[in-house]
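Peer 1: The structure is given below, and queries will be raised subsequently.
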Amino acid sequence: MKKNVNLTEGKTRKRKASDEAQTFPHLTLDELNDDLLEKILSCLPASSFFRLRSVCKRWSSVAASTTFRIACSQIPFRDPWFLMVDQDLDHSIILDISERNWKNLNKPRCVNQSNQASWIAVASSGGLVCFRSSTGELMACNPLTGACREVPPAHETQPLLAIAMSSSHKNSSSYRIVLVAGELPNLCYRVFDSEKNKWEGEVSLYRKAESSPETEFAGGDTVYFLNKSGDVVATNMQRNPSRQFLAVMSIKDGEEIAYFLSHSGSVVACNITRRTFHEYPRLLPVCYEYSIDVVICNKEMAVVVLSEFFETASLRLWRFSEVERAWKQVAAMPPAMSHELYGKKADINCVGCGNMIFVCINSNDFSRYVIYNVVTNEWLELPKCIVDGKAKDFMSVFSFEPRLEAFV
């Protein structure tokens, strides 16, 4: 059957679409209501937030509003910024990974105003960084806004081993600072709760029952040996000040766990939820010279190891298999890149964020910065950071999400 075609209907539809275009023209940003404008602006890269104030009075008002910060908190994830620490313990440079460039960052106001003690970054989580002074005080800071808050004294009675920080994605003003103290095997911890603004009581940690006997008390022992150059070497690790007390936090099966390196380089896991701890088996024999750091990547603990074998250097990523109770290599820097590290006596300091690991490699006359993507298995060497015509050398790095809404 032949279908009748109504030409009038087609003309009517065209006319109607044209009428709608005239009735509902394209809206400009100036014509949007505040709620919609805030949602759009909150999706911009974090580096553009401070430029909003110079666009117009309305945008400046939006950028300073509480509702804009709430809109920013709805963004589930922001590309991290990496806070760099140089040999002079300066924290004025960050790497913006979304724009792949170095940026100057103003020091927190409280750090600038405190002339009695020098402050250095020791931990980070979410949009916050924890600083520690040379006299032992702690401070929580949002590096993006410069807002900071001094933490009440913990009054530790035992030697400090590790400092870790955790924050809540649901509540931008909630975070915890965990201090692990003592000497293996007698460990304890204390927790600072930002919502309560106080430290909880000291809690003793008990050795996990299934810890293997060959690793028992290994973390506290010092062993001396001759290296291949004939020098006497101690197994006690000498870490730079910003990494001396570093620990990383992870949630595993609903339990909060802090990981840190013992003085001899073994990985110690403190289960804050169960109030237990255990040491992992050593990755390499005690008589080997190597540099090691522990990271959280894709919500799992891993270690990065720089070592030398057969007249070449290797940089490898390892994870611990709970099934086989052994370390398993999961990635390695291409030999063409790692061989350049041979004989440099370099130290590595690493930080994990999402599926990335930032590796800071430095020695007395050598420095390199590499980002490894665990998903794509790509190693990216970063360009030098040039300040006043000179390449700046960094000895450690911390990661944080640039978030305006992260309160201290």
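Peer 1: State the number of residues belonging to segment 126-150 that are within 27 Å of Ile75 (Cβ to Cβ) and surrounded by 18 or more Cβ atoms within 10 Å (Cβ to Cβ).
Peer 2: 14
Peer 1: Being among the β-branched types (Val, Ile, Thr) and not in a strand (DSSP E or B) is the filter; apply it to segment 151-184 and report the residue that is surrounded by the most Cβ atoms within 10 Å (Cβ to Cβ).
Peer 2: Residue satisfying both the conditions and the ranking: Val151.
Peer 1: Working only within segment 185-200, note down all residues that are under 30 Å from Ser264 (Cβ atoms) and either open to solvent by 40 Å² or more (accessible area, probe 1.4 Å) or out of contact with any Phe, Trp or Tyr (no Cβ under 6 Å at 6 or more places or on another chain) (or both). Give the derivation first.
Peer 2: Of all residues in segment 185-200, those under 30 Å from Ser264 (Cβ atoms) come to 185-192, 199-200.
Within segment 185-200, Pro185, Asn186, Cys188, Tyr189, Arg190, Val191, Glu200 meet the criteria.
Peer 1: Output the number of residues of segment 29-66 satisfying the condition of being over 19 Å from Leu105 (Cα atoms), part of a helix (DSSP H, G or I) and open to solvent by 50 Å² or more (accessible area, probe 1.4 Å).
Peer 2: Summing the residues that are over 19 Å from Leu105 (Cα atoms), part of a helix (DSSP H, G or I) and open to solvent by 50 Å² or more (accessible area, probe 1.4 Å) in segment 29-66 gives 12.
The values are calculated or read from the model by the stated rules, or taken from the named source; none is laboratory data. This structure is a prediction, so every number in the text was calculated from the model and none was measured. In this analysis, Cβ positions are derived from the backbone assuming ideal geometry, glycine residues included, and neighbour counts consider all displayed protein chains. Areas reflect the complete protein model, heavy atoms only, side chains present, ligands, DNA and RNA absent. Shrake-Rupley method; radii C 1.70, N 1.55, O 1.52, S 1.80 Å.
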